[in-house]
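Contents: one structure, followed by commentary.
The values are calculated or read from the model by the stated rules, or taken from the named source; none is laboratory data. Bear in mind the structure is a predicted one, so any value in this text is a computation, not a measurement. So basically every Cβ, Gly included, is an ideal-geometry build from the backbone, and we count neighbours across all protein chains shown.
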Amino acid sequence: MGRLVIWLVSCPFGVQKPPRGGRWPPEVLTPKLERLATYLADLRRHHSHRHSDIQEDLYGVERRLELLVQVAVDILADVLADRGVTVWSYRGAFELAGRAEILPADLAGRLAGVAGLGNVLVHLYEDIDYQVVADSVERALADFDEFLRVMRQRVREMGTDRMQG
């Protein structure tokens, strides 16, 4: 059985301060959520594919997973900045979102685990277990679908709060 080597990038994000009295308006987060939905649709083309199909388009799958993680972290960095929290790593963004109850704890934990795989599959491509990658696509689709649903609900709630406030 081959090896799958993943790495987790730890990098500071240039998080902006939230506009208008400390709340990120839905018009800032909604386009990012729509971008996430587009990346999910792109990755869905690899849904239920055999590992040989993944092997033929590994870089495409890798890039789609990476983009999903990046835009999700960007969304979370915006929301966490609203609470005075700075995100310093991809994995950390999901962990902090779970602790802050922005995401359900179980989802945050699963996405924190995906962060390394979604960030970049590196080194020893000849040793990658493509079935592991294919299985990861299935899990990523389910987890990022849930992330999208939860965050769209949060944005709706934020919009309602702004209208009432």
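For this structure, a couple of remarks:
- Screening VAL155 with (1) assigned to a helix (DSSP H, G or I); (2) surrounded by fewer than 18 Cβ atoms within 10 Å (Cβ to Cβ); (3) modelled with pLDDT of 80 or more gives one miss only, at (2).
- In region 87-134, residue modelled with the highest pLDDT [restricted to those that are surrounded by 16 or more Cβ atoms within 10 Å (Cβ to Cβ) and in contact with a strand residue (DSSP E or B) (Cβ under 8 Å, 6 or more places away or on another chain)]: VAL133
- Candidates in region 135-152 are the residues that are at pLDDT 90 or above and not hydrophobic (A, V, I, L, M, F, W, C); of these, the one that is surrounded by the most Cβ atoms within 10 Å (Cβ to Cβ) is ASP143.
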